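*Asks:* I am attaching a structure below and will ask some questions about it afterwards.
The values are calculated or read from the model by the stated rules, or taken from the named source; none is laboratory data. Note that the structure is a prediction, hence the values are computed from the model and not measured. Every residue, glycine as well, gets a Cβ built from its backbone with ideal geometry; the counts of neighbours run over all protein chains shown. Accessible surface areas use protein heavy atoms only, side chains included; no ligands, DNA or RNA. Shrake-Rupley method; radii C 1.70, N 1.55, O 1.52, S 1.80 Å.
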Amino acid sequence: MRKISTMALDRIEIFKDQKLTIGLDLGDRFSHYCILNGAGDVIGEHNLPTTPKGIEEVFARIPRSRIALETGTHSPWVSRQLSRLGHEVIVAHARNVRLIGDSSRKDDQLDARTLARLARIDPGLLGPVRHRSAQAQIHLTVIRARAGLVRARTALVNAARGLTKSYGERLQKCGTQKMNREMSQGLSQELRDALDPLFGEIESINERIAEYDGRIEKIGKEIYPQIALLQQVKGVGTLIALTYVLTLDDPHRFRRSRDVGCFVGLRPGRRNSGMSQPQLPISKEGDVYLRTMLVQGAHYILGPFGQDSDLRRWGLRLAERGGKNAKKRAAIAVARKLAVLLHKLWVSGEVYEPLRNNHQVVSAVA
């Protein structure tokens, strides 16, 4: 392997008039990069620390180039830093680069070379993705941190219920957010003493979650007033609306609202060949947490407290078709339409009419 030294970096000045292409394989501590010249020849390869300083020292000295890297933990901040340095950055969707993920000869050097060669031939082969802004990422971190606490609370509540059952007793029925020491009043004294620290941790987590809820409400009202357009749909609260806005970041990145359903992985997969057109489950691509939030919103819309609307009526008709998974499929279908509807409201700024189609039918009859 030819390593690129400081002198070699200085000699890159010779290629200022050429279009350099660089593949950057990001690692947790160290990353590997490969530089191709305009003819596709390797002119340098080396490692660098995966730190802002390491990125700066190497890529600030290289003329403007096309740099390809895969999605991962470090790709958001690395891509932003490389863009600030003036480079053309392509963030490849890791699931789309099968030449790397499914390769039988996989190492950092080969991965960097493959990224560079694919970016040089056709960036579209990399399935490029767009990372959100730094502000959106830090605000989304608040939501993700809250979600981590919710998962921890659920695990502790489940542990408490399981331990009491194994002792021949049961806790009162309640939601996880209402679980506290008072719920253990009906238990025997020895079991209460054993579980008291566990209930204490659950109460502490409930307090932290409440603090996050306050911060999320404040962020939504002060920084993202557009979420009010999305909250017109009953079943879409601040958490879902803000998660939606922060994840999409820029609504105009989509040519049409229907594309959002594909973006969040709620479209059916497709593997057609000749006359064979099998029915596949949803692709589950995109952001998992946003998809989960949309499905939760869909369940509310279809549930007993959902507002009468065109979306609810359509979903209930799907659920009534019967079949083993009719209700589940209906919820997924409503979630997909909900994603499209929210984007339409966000872009257009329209007032939401729950029974718009019904009003059109009535007007036509009249």
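*Asks:* So what does log10 I(q)/I(0) come out to for segment 234-306 at q = 0.12, 0.18, 0.20, 0.26 Å⁻¹, using the Debye formula with one equal point on every Cα and no solvent?
*Replies:* -0.41, -0.81, -0.92, -1.21
*Asks:* To continue, here is another question. What accessible area per residue comes out for the chain, rounded to a whole number of Å², with a 1.4 Å probe?
*Replies:* 56
*Asks:* Quick one: pull the percent of accessible area on segment 152-228 belonging to carbon and sulfur, 1.4 Å probe, ligands and nucleic acids left out.
*Replies:* 50
*Asks:* If you work out volume of the Cα convex hull per residue in Å³ from the coordinates, which of [x] 397; [y] 234; [z] 144 do you get?
*Replies:* [y]
*Asks:* In nm, what is the difference between 0.36 nm times the number of residues separating A228 and I138 and their Cα-Cα distance? Please report the intermediate quantities before stating the final value.
*Replies:* Details: separation 90, 0.36 × 90 = 32.40 nm, distance 2.08 nm.
That works out to 30.3 nm of additional length.
*Asks:* Moving on. Based on the mean of other beta carbon atoms within 10 Å per residue, what is the order of 285-291, 194-200, most packed first? All intermediate terms of the calculation are to be shown ahead of the outcome.
*Replies:* Numbers: 285-291: 17.7, 194-200: 14.7.
Packing proxy ranking, top to bottom: 285-291, 194-200.
*Asks:* So, by mean Cβ neighbours within 10 angstrom, what's the order for 70-76, 32-38 with the highest one leading? Each step should come with its number before you reach the end.
*Replies:* Values: 70-76: 17.0, 32-38: 22.0.
Result, highest mean first: 32-38, 70-76.
*Asks:* Right, next: If you put +1 on each Lys and Arg Cβ and -1 on each Asp and Glu Cβ, how big is the dipole of segment 121-202 around its Cα centre, in Debye rounded to 20?
*Replies:* 340
*Asks:* As a check on your grasp of the helix formula, calculate [θ] at 222 nm for the chain: sum -39500 (n - 2.57) over DSSP H runs of n ≥ 4, divide by the residue count, round to the nearest 500.
*Replies:* -16500 deg cm²/dmol
*Asks:* With a 1.4 Å probe and every protein chain kept in, tell me what percent of the accessible surface of segment 237-366 is carbon plus sulfur.
*Replies:* 51
*Asks:* How much length would be gained if the chain were fully extended between S83 and A152, taking 0.36 nm per residue of separation minus their Cα-Cα distance, in nm to one decimal?
*Replies:* That works out to 21.1 nm of additional length.
*Asks:* Of all beta bridges DSSP finds with both residues in the chain, what is the antiparallel percent, to the nearest 5?
*Replies:* In the chain, approximately 60 percent of DSSP beta bridges are antiparallel ones.
*Asks:* Could you give the angle, 0 to 90 degrees to the nearest 10, between helix 326-348's Cα long axis and the longest principal axis of the Cα atoms of the chain?
*Replies:* Here the helix axis deviates by roughly 60 degrees.
*Asks:* Next up: Run the numbers on the chain and let me know its relative contact order in percent, using alpha-carbon pairs under 8 Å that are six or more apart. Let's see the in-between values first.
*Replies:* Numbers: 476 pairs, mean separation 39.5, N = 366.
Across the chain, relative contact order equals 11 percent.
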